[in-house]
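Before any comments, here is the structure.
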Amino acid sequence: MNWRYLGSLLDARNSGCSGVYLIVHKGKYNRIVYVGVSNNVGRRISEHYEGYLRGNRTVYNAGKNDDVYSLMSAINIRNHIKQYQKLARNHYIWASTTLHSDKPKNLLAKGQSFSEQWQDITFDKYLPQLFVWALPISNYDYESVAKIESVIQKKLVAAFDLRGFFNVKQLSILGKIEYPKLNKYSLSIDPPDLDFASKILLSDLSRTGTPISAYKALRAQLKEELVTREKEKQSRISIRQKIQSQYKNSGKPWTYEDLEKLRVMIVDFKLSPLQMSPYLERAPSAIAKRIVNNDKLSNKKWREHIKWL
């Protein structure tokens, strides 16, 4: 039993084998972007291909010189959903599911449509870099292949911190994990042509955890992205410290007294957040955010009395 190269996503549609398959993005590194199983891999890849064409699959704005994991990995990211949403707004991620939809939506940026810019990215940049590897299994047994699939997914998700953007625990960024509690599988074969870190992870699925060699390799591969993230983190800390030094109550919980002051200033005096700032000793942006949250929470009834909060 060995991994078999099926060629591009387009070519792999002609395969008739059954087993586990990997959709790999060939960019700066060969990265796995999807792991699946099927009793007819060619038919399943055809479904993927057609899904990409209509926007029912996740697309990353990554070409042959890009590392797609710089978009997928959430290493050193505190709020991964906000990170993914930021990338989506800037047309780096089209987040979609395998569910058929006549008018697909970007789950991270719902105002976007799958037309023009995203179609160009998909057809001209992303799809040409997708290739398929399969682990053919003649005596196809769904339970066995799904376990192999799950272990591969879990190893990659854990090592590269691929957190995903779907509000379903088993639905990872690499596909649905059928056996979320399974951490190893008795199978040791040579991995396909992947990046060095992924090769280590797939070289022995019977081991649990992330080998130190794989951890060092992936950190080295993502070094440039991690340096950028650290700089952005330090910049945020610096801004937060500046705000805290300028506003006495910055970051502190809102008391009932604070909320009543806020209510009176907005209802009776019609002050703006900037005008309220000296009295509440908070940043105008924090005051504006609190007003919006209070309005949503109480359907604006808090403006009559804070008992509604």
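When the stretch 156-182 is filtered for residues that are open to solvent by 20 Å² or more (accessible area, probe 1.4 Å) and part of a helix (DSSP H, G or I), the ones remaining, listed by number, are V157, A158. Applying a threshold of 9 Å to beta carbon distances and a minimum spacing of six or more residues, or different chains, the list of pairs starting in the stretch 12-28 at a residue that is in contact (Cβ under 8 Å) with a residue 24 or more places away in the chain and at negative phi and ending at one that is open to solvent by less than 20 Å² (accessible area, probe 1.4 Å) and basic (K, R) reads V24/R31; H25/R31.
From the residues in the stretch 277-296 that are of a type in the set (K, R) and closer than 14 Å to Y247 by Cβ, which one is surrounded by the fewest Cβ atoms within 10 Å (Cβ to Cβ)? The selected residue is K289.
Here is the figure for the stretch 99-125: residues that are in contact (Cβ under 8 Å) with a residue 12 or more places away in the chain, open to solvent by less than 70 Å² (accessible area, probe 1.4 Å) and part of a loop (DSSP other than H, G, I, E, B) total 7. For the stretch 136-155, which residues satisfy the criterion of being open to solvent by 40 Å² or more (accessible area, probe 1.4 Å) and either assigned to a loop (DSSP other than H, G, I, E, B) or over 18 Å from Y21 (Cβ atoms) (or both)? Result: S138, N139, Y140, D141. Just one of the numbered conditions (1) in contact (Cβ under 8 Å) with a residue 24 or more places away in the chain; (2) among the hydroxyl-bearing types (S, T, Y); (3) surrounded by 11 or more Cβ atoms within 10 Å (Cβ to Cβ) is not true of S272: (1). Here Y5 meets each of (1) surrounded by fewer than 22 Cβ atoms within 10 Å (Cβ to Cβ); (2) out of contact with any Asp or Glu (no Cβ under 7 Å at 6 or more places or on another chain); (3) outside any strand (DSSP E or B) with one exception, condition (3).
One residue stands out in the stretch 63-92 among those that are more than 17 Å from D161 (Cα to Cα) and touching a helix residue (DSSP H, G or I) at 6+ places or on another chain (Cβ under 7 Å): the one that is most open to solvent (accessible area, probe 1.4 Å), namely K64. The set of residues from the stretch 52-84 being out of contact with any Lys or Arg (no Cβ under 9 Å at 6 or more places or on another chain), part of a helix (DSSP H, G or I) and in contact (Cβ under 8 Å) with a residue 60 or more places away in the chain comprises Y52, L53, R54. If you check S188, S206, S213, S250 for being among the small types (G, A, S) and either within 23 Å of L6 (Cβ to Cβ) or under 20 Å from the mean Cα position of the chain (by Cα) (or both), only one passes: S188. Answer yes or no: is there a residue in the stretch 87-98 that is farther than 25 Å from R4 by Cα, hydroxyl-bearing (S, T, Y), in contact with a Lys or Arg (Cβ under 7 Å, 6 or more places away or on another chain) and assigned to a loop (DSSP other than H, G, I, E, B). Yes, there is a match, as at least one residue in the stretch 87-98 is farther than 25 Å from R4 by Cα, hydroxyl-bearing (S, T, Y), in contact with a Lys or Arg (Cβ under 7 Å, 6 or more places away or on another chain) and assigned to a loop (DSSP other than H, G, I, E, B).
I'd like the full set of residues that are in a helix (DSSP H, G or I), open to solvent by less than 50 Å² (accessible area, probe 1.4 Å) and of a type in the set (G, A, S), limited to the stretch 223-251. Hits for the stretch 223-251: nothing passes.
Residue count for the stretch 13-56, restricted to those that are among the charged types (D, E, K, R), open to solvent by 20 Å² or more (accessible area, probe 1.4 Å) and within 24 Å of S150 (Cβ to Cβ): 3.
Say we look at the stretch 8-50 and pick out the residues that are in a loop (DSSP other than H, G, I, E, B) and aliphatic (A, V, I, L, M); which of these is farthest from L135 (Cα to Cα)? Write out each step before concluding.
Of the residues in the stretch 8-50, the ones in a loop (DSSP other than H, G, I, E, B) are 9-10, 15-18, 27-29, 39-40.
From what's left, aliphatic (A, V, I, L, M): 9-10.
Numbers: L9: 16, L10: 18 Å.
In this case the residue turns out to be L10.
All of S198, S213 fail the test of being at pLDDT 90 or above, open to solvent by less than 50 Å² (accessible area, probe 1.4 Å) and polar (S, T, N, Q), apart from S198.
Kindly establish whether L108 is modelled with pLDDT of 95 or more and over 17 Å from S38 (Cα atoms). Considered against the rule, which asks whether it is modelled with pLDDT of 95 or more and over 17 Å from S38 (Cα atoms), L108 comes out as no.
The values are calculated or read from the model by the stated rules, or taken from the named source; none is laboratory data. A quick note: this is a predicted structure, and the numbers were derived from the prediction, not measured. When we count neighbours, we look across all protein chains shown, and the Cβ atoms used for this are built from the backbone with ideal geometry, even at glycine. For the accessible areas, the whole protein counts, side chains as well, though only heavy atoms, and no ligand, DNA or RNA atoms are used. Shrake-Rupley method; radii C 1.70, N 1.55, O 1.52, S 1.80 Å.
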